[in-house]
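Here is the structure we will look at, set down as structure tokens.
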Amino acid sequence: MSITADDARLAILRVLSVIAGPAYQQTDHDKPLAVQLGLCAERIKQEASEGVALIEACAPHGRAMLSQAQQKLETLTHLAVLHELAAEKFEDL
């Protein structure tokens with residue numbers, strides 16, 4: 001099986017949509033992958049900030065929200081590495 005640039009792009013977008021969830025749905029899907037990854041990371045950082053605010057307000061679900069956002073950001077970092085590898089192979093990715 002020969003993987004094409006489109007195959008790699010679709011795979012990365014699929015994983016991004018699963019990881020980022022609603023943060024991905026708000027992204028302009030015509031933008032380059034690196035930009036989409038960055039936009040999702042920024043939205044997830046906002047989720048983390050909201051979690052911190054909830055913790056400070058003693059809301060019971062603040063810690064879970066913060067933890068989930070931190071896990072998403074860590075996973076996005078790994079996905080960005082895979083994107084870089086794919087971009088090295090496919091120049092138009």
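Pairs please, first residue from the stretch 1-25 and in contact (Cβ under 8 Å) with a residue 12 or more places away in the chain, second anywhere and polar (S, T, N, Q), Cβ atoms under 7 Å, 6+ apart in sequence or on different chains.
LEU16/GLN36; ILE19/THR75; TYR24/SER17
List pairs: first residue in the stretch 40-67 and more than 13 Å from ALA23 (Cβ to Cβ), second residue outside any helix (DSSP H, G or I) anywhere in the structure, Cβ distance under 7 angstrom, at least six positions apart or on different chains.
That search, which allows pairs on different chains as well, returns LEU54/HIS61.
None of the figures in this text is laboratory data; all of them are computed from the coordinates on show. Just so it is clear, the model here is predicted, and its values are computed rather than measured. Cβ sites come from the backbone with ideal geometry, for glycine too, and all protein chains shown count toward neighbours.
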